[in-house]
Each structure stands twice: as structure tokens, then as C-alpha cells.
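K.L.:
Could you have a look at this structure, given as C-alpha cells, before my questions?
Quick note: the coordinates plus some simple rules give every number you see, no bench work behind them. Bear in mind that the values here come from a model prediction, so they are computed numbers and not experimental data. Cβ placement follows ideal geometry from the backbone for every residue including glycine, while neighbour counts extend to all protein chains displayed.
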Amino acid sequence: MKKDRSALVSLVTVGALSAVLVLLAVFGPMLASAFIERFDRPEGIYLPIVVTFYAILPFAAGVLLCLWKLLGNILADAVFIEQNVRLLRSISFLLFFATAVFAVAGYFYMPFYLLAVCAAFMVLIVRVVKNCFAAAVVLKEENDMTI
């Protein structure tokens with residue numbers, strides 16, 4: 001089925017991004033150095049970039065884990081269930097905390113403010129999707145009781 005194929009591709013993508021995240025965790029400081037050197041940035045931003053990256057790393061890993069579980073549920077035809085609402089809520093909180101980290105880091109390196117705005121926008125989108133899922137769960141439960 002096309003839905004299953006799409007969810008499977010998304011699941012593979014989450015797995016690939018998880019591997020990339022592990023590689024970034026290992027090579028992050030080296031990449032920050034290369035970035036500063038390549039784009040002629042001041043040396044003083046190295047520490048804020050590396051600290052910010054490692055500060056958001058657990059939130060990124062948490063989002064990927066929640067997405068993995070959510071896609072697993074979808075592949076198991078368990079779409080409108082309370083667990084998926086909780087997973088979406090968790091994703092929104094993780095993104096919110098990443099937004100806060102980026103907002104604080106923006107004080108030290110201005111482009112992080114842009115990442116804070118992008119992350120905040122993602123929080124909004126995920127919260128709307130979570131609310132849609134929550135409403136669908138209620139409708140599904142009412143429908144199941146009616147039959």
C-alpha cells in the first residue's frame with residue numbers, strides 16, 4: 001500500500017538521520033572548526049557553536065526516537081491512538097527546549113536566533129498536528145463505542 005511505503009521511507013529517513021546525528025556528535029568540534037575557518041568567522045564563536053550543538057543534541061535524539069515510535073505505530077495501523085498524541089506532545093516539548101537553547105545561544109552568535117525562530121515555528125506546526133490527532137482519537141473512541 002502507498003501509505004505503508006511512505007511511512008517506511010520516512011522510517012528509513014529517521015534511521016539515516018539518527019546515524020548522521022551520531023556522526024555529528026563525534027565530528028562536531030572538527031566541523032565547527034572547519035566552518036569557522038572556511039567562512040572566515042571570528043575564533044571566539046567556536047565555543048558557543050560547539051556548546052549549543054551539544055546542548056541540543058539530546059533534544060534532536062529525542063525527536064528522532066519519538067518519530068521512530070510514531071512511524072512504527074503508523075506502520076502497525078495504530079494511527080489515532082493516545083500514544084501517538086503523547087509522542088507528538090513530546091516532540092513539541094523537545095522542539096520548545098531546543099528553541100530556548102537557540103534563543104540563548106543567539107546572544108553569542110546571531111544566526112542562532114534564526115534557528116530559534118525556525119524551531120518555534122516547528123513547535124507550532126507539531127502542536128496543531130497533535131491537536132488534530134487528539135481530536136481524531138476522541139472521535140475514534142466515540143465511533144468505536146457507537147458500533
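K.L.:
Between 0 and 90 degrees, rounded to the nearest ten: what's the tilt of helix 111-146 against the longest Cα principal axis of the chain?
P.N.:
The angle comes out near 10 degrees.
K.L.:
(i) 9.0; (ii) 10.0; (iii) 11.3: which one is mean projected area of the Cα convex hull in nm² as calculated from this entry?
P.N.:
(ii)
K.L.:
Sticking with this one: Which ordering of Ile74, Ile125 is given by a fewest-first count of other beta-carbon atoms within 10 Å?
P.N.:
Final ranking by Cβ density, sparse to dense: Ile125, Ile74.
K.L.:
For a footprinting-style exposure proxy, rank Val79, Val101, Val20 by other Cβ within 10 Å, fewest first.
P.N.:
Val20, Val79, Val101
K.L.:
Which order results if Lys69, Lys140, Lys130, Lys2 are arranged by neighbouring Cβ count within 10 Å, fewest first? Can you show the working numbers first?
P.N.:
Details: Lys69 16, Lys140 13, Lys130 19, Lys2 6.
With the sparsest Cβ surroundings first, the list reads Lys2, Lys140, Lys69, Lys130.
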